[in-house]
Amino acid sequence: MDGTYDAQAGTRFPTTKWREGYDVASVDELVARAERAVSFRDGSVRSEDVEQVRFAPVRWRTGYDMDAVDTHLEQLASQLKDIES
């Protein structure tokens, strides 16, 4: 992580505790970087990076809902593809 303040950290997506979810910190780090890449159109994150990412699942602690994260990542990858072309 680059140390940049992230006001949305831990609150971007619905959370789950009793079923499998994605690690919150890992998702927040990638999504923040990808959203900055879309905003600044700087190529720092590529659509391929977003499409190929795999998050470690977590159980018995708070994680992000997997479907909500996957849907958002698909949207980010699409936006990045548009920027790349």
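The values are calculated or read from the model by the stated rules, or taken from the named source; none is laboratory data. From a predicted model like this one, the values you see are computed outputs, not experimental measurements. As a convention, Cβ positions derive from the backbone with ideal geometry for all residues, glycine included, and neighbour counts pool all protein chains shown. All accessible areas refer to the heavy atoms of the entire protein, side chains included, with ligands and DNA or RNA removed. Shrake-Rupley method; radii C 1.70, N 1.55, O 1.52, S 1.80 Å.
The set of residues in segment 43-59 that are within 22 Å of SER85 (Cα to Cα) and at pLDDT 95 or above comprises SER44, VAL45, ARG46, SER47, GLU48, ASP49, VAL50, GLU51, GLN52, VAL53.
Summed over segment 9-45, residues that are open to solvent by 10 Å² or more (accessible area, probe 1.4 Å) and assigned to a loop (DSSP other than H, G, I, E, B) total 14. Here VAL69 meets the list (1) touching a strand residue (DSSP E or B) at 6+ places or on another chain (Cβ under 6 Å); (2) of a type in the set (A, V, I, L, M); (3) open to solvent by 40 Å² or more (accessible area, probe 1.4 Å) almost entirely, failing just condition (3).
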